[in-house]
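Worksheet: one structure, shown below.
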Amino acid sequence: LSNNEEHPGDHDEIDIEFLGTTPDKPYTLQTNVYIRGSGDRNMIGREMKFHLWFDPTKDYHNYAILFFVDDVPIRRYPRKSDATFPTRPMWVYGSIWDASSWATENGRYKADYNHQPFVGQYTNFKVSGCTANSPASCRPPSASPSGSSSLSRQQALAMNWVQNNYLVYDYCHDPKRDHTQIPEC
């Protein structure tokens with residue numbers, strides 16, 4: 001989800017991205033949230049990266065942008081304030097782009113264009129939620145299989161298991177980040 005076309009350099013974005021893979025290592029999935037990126041292109045990402053516990057190329061899997069993999073919650077990003085949550089209209093994008101200059105071990109492995117064409121396939125694609133102009137009473141449909149806006153005890157335990165065993169980066173715990181710009185941490 002992004003509004004970069006409407007607000008270039010100052011956009012909101014919610015991502016779920018595969019960062020490629022390196023030989024003999026698990027695939028890395030990155031989730032990210034941008035809120036009103038700065039106009040000077042100094043984007044403040046709120047990344048979390050996970051090594052997947054399965055090979056995502058072997059079968060279709062279910063991903064939810066707020067943030068589930070095969071009905072297992074991997075991340076929560078609750079609305080704590082308008083300053084730390086996207087509030088402007090966004091559009092849905094699905095794409096493949098080459099980020100091998102940074103995404104695969106900081107550029108160690110580049111995309112091999114001998115394997116093109118690169119294809120992304122989607123099945124059972126669903127989009128639902130509240131519009132930017134919806135009344136405050138609008139509650140987006142839950143991505144949770146239970147339909148609840150909060151996690152069940154079992155889902156909370158599953159998310160803790162994923163984060164304890166597969167989380168490989170969390171912006172809130174990065175000592176190189178300016179934490180005055182990410183008050184939700």
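Nothing in this text is a laboratory measurement; each read-out follows from the coordinates by a stated rule. Every value quoted in this text rests on a predicted model; they were computed, and no experiment measured them. Glycine gets a Cβ as well: all are built from the backbone with ideal geometry, and neighbour counts include every protein chain shown.
Descriptive notes on the structure:
- Gyration tensor (alpha-carbon) shape descriptor, the chain, a/c threshold 1.5: rounded
- In order along the stretch 111-127, the phi-based Karplus estimate (6.51 cos²θ - 1.76 cosθ + 1.60, θ = phi - 60°) of 3J(HN,Hα) comes to 4, 9, 6, 5, 9, 6, x, 8, 10, x, 10, 10, 10, 6, 6, 10, 10 Hz; Gly and Pro are listed as x.
- Note on the chain: with a GNM built from Cα contacts shorter than 10 Å, the maximum mean-square fluctuation among Trp97, Trp53, Trp161 falls on Trp97.
- Comparing Gln155, Gln163, Gln121 in a Gaussian network model of the chain (Cα springs below 10 Å), the most mobile by mean-square fluctuation is Gln121.
- Sparse packing (at most 11 other Cβ atoms within 10 Å of the Cβ) combined with a DSSP loop state is found for the following GluC sites (Glu not before Pro) in the stretch 1-91: Glu5.
- Each part reduced to its alpha carbon centroid, the stretch 147-178 and the stretch 1-74 end up 14 Å apart.
- Largest GNM mean-square fluctuation across Tyr113, Tyr171, Tyr122, computed for the chain with C-alpha springs under 10 Å, falls on Tyr113.
- Relative contact order (%) - the chain, alpha-carbon pairs under 8 angstrom, separation at least six: 23 percent
- With the simple model of a label 7 Å out from the Cα in the direction of the Cβ, Thr57 to Leu19 spans 1.8 nm.
- For Phe67, the residues whose modelled amide H falls within less than 5 Å of its own, excluding neighbours fewer than 5 places apart on the same chain, are Ile74, Arg75.
- Using the Cβ-Cβ distance between Ser152 and Trp91 with R0 set to 35 Å, the FRET efficiency from 1/(1 + (r/R0)^6) comes to roughly 0.65.
- Estimated dipole of the stretch 1-90 in Debye, rounded to 20 [Cβ of Lys and Arg +1, of Asp and Glu -1, Cα centre]: 360 debye
- The HN-Hα couplings worked out from phi for the stretch 21-32 by the Karplus form 6.51 cos²θ - 1.76 cosθ + 1.60 (θ = phi - 60°) are 9, 10, x, 6, 10, x, 5, 10, 10, 10, 10, 8 Hz, whole numbers, x standing for Gly and Pro.
- Residue-span extension gain [Lys80 to Glu105] - 0.36 nm each, minus C-alpha spacing: 5.8 nm
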